[in-house]
Amino acid sequence: MSAVPNAPPATIPHHVAIIMDGNGRWAAQRGLPRIEGHERGTDNIRRITFAAGELGIKCLTLWAFSTENWRRPPDEIRGIMRILGEVILRETEELHRQGAQLRHIGSLDGLPDDTRRAVLEAIELTKANNKLVLTLAFNYGGRQEMVEAIRALVAAGLTADEIDEPAIARFLYTRDLPDPDLIVRTSGEHRMSNFLLWQAAYAELFFTPILWPDFGPDDLCAAVAEFGRRERRFGRVSAELVSDPTA
Ligand code: FPP
């Protein structure tokens, strides 16, 4: 896996993660089956990935299926698995041509064999690319990630003294990714829903009522512009509140 590209200027988030929510409601509003919403949501991945690259975002993480989504009706799950297989086969060449590196976080267990193979082949093909790191969170859950990290940490024989924040981060799925700077959730929900729980500690959060299939490049620009206006203090006091020793 090649390194993550260098950080862009501070007003552009280095790593944007998106909770792509609202496909079902988008379909229901049009009297369409839910799977049509997922199809349109998947088409949107292409235009938002392209827009992210144009904006200078270096890492884009998209949440496509959570560990809790297995509770959905079997037909919908089968549909999403089919879409995943198709989108990987259809888009990988173009992603590769554009210099994007595909990664996956979560577990590939439970995916149909050919889909799992297609995902692994796409990751292998694009692993040396470094224009944009596109991470697909598929069958991902933040708590599950922590459980797996703790198990791996114990199996590696770390002692209590050796366990600190960097040590834990090294055992997460995201070990080779910077933490997200900006997390976007579409569709008007104001929850993290078990997404990047550890990594979101200092992320700026952006919630929009727009449903994912309708979330276009202009909306991504608006989220990035809002990010540029936020003051990120990481626990420090605001620069304005620090008295000027020269005054
Ligand atoms: C949320 O809509 C969407 C998801 C379950 C994940 C996003 C899925 C896609 C974009 C399609 C699949 C993509 C790939 C790459 C396989 P929802 O169904 O929760 O919408 P609702 O809240 O309106 O019901």
Among (1) closer than 20 Å to Asp219 by Cβ; (2) within 12 Å of the ligand (Cβ to nearest atom); (3) surrounded by 15 or more Cβ atoms within 10 Å (Cβ to Cβ); (4) not basic (Lys, Arg), there is one condition Asn139 misses while meeting the rest; what is its number? (1)
All positions within region 52-69 that are more than 13 Å from Ala100 (Cα to Cα) and away from the ligand (no atom under 11 Å from the Cβ): Leu55, Thr67
When region 10-38 is checked residue by residue, the ones that are of a type in the set (Asp, Glu) and surrounded by fewer than 19 Cβ atoms within 10 Å (Cβ to Cβ) are Glu36
Region 202-227: number of residues that are away from the ligand (no atom under 16 Å from the Cβ) and either loosely packed, with under 14 Cβ neighbours inside 10 Å or of a type in the set (A, V, I, L, M) (or both): 9
Going through (1) on the phi < 0 side of the Ramachandran plot; (2) touching a strand residue (DSSP E or B) at 6+ places or on another chain (Cβ under 8 Å) one by one, Glu162 fails only at (2)
Looking only at region 189-217, which residues are over 29 Å from Glu165 (Cα atoms), touching a helix residue (DSSP H, G or I) at 6+ places or on another chain (Cβ under 9 Å) and not hydrophobic (A, V, I, L, M, F, W, C)? Thr208, Pro213, Asp214, Gly216, Pro217
Out of Ala152, Ala167, report the one residue that is in a helix (DSSP H, G or I), in contact with a Phe, Trp or Tyr (Cβ under 7 Å, 6 or more places away or on another chain) and free of Cβ contacts under 8 Å to residues at least 40 places away in the same chain. Ala152
Scanning region 74-93 for residues that are open to solvent by less than 90 Å² (accessible area, probe 1.4 Å) and more than 11 Å from the ligand (Cβ to nearest atom) gives Pro74, Thr92
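The values are calculated or read from the model by the stated rules, or taken from the named source; none is laboratory data. Bear in mind that the values here come from a model prediction, so they are computed numbers and not experimental data. As a convention, Cβ positions derive from the backbone with ideal geometry for all residues, glycine included, and neighbour counts pool all protein chains shown. Heads up: the accessible areas ignore ligands, DNA and RNA and are worked out on the full protein's heavy atoms, side chains in. Shrake-Rupley method; radii C 1.70, N 1.55, O 1.52, S 1.80 Å.
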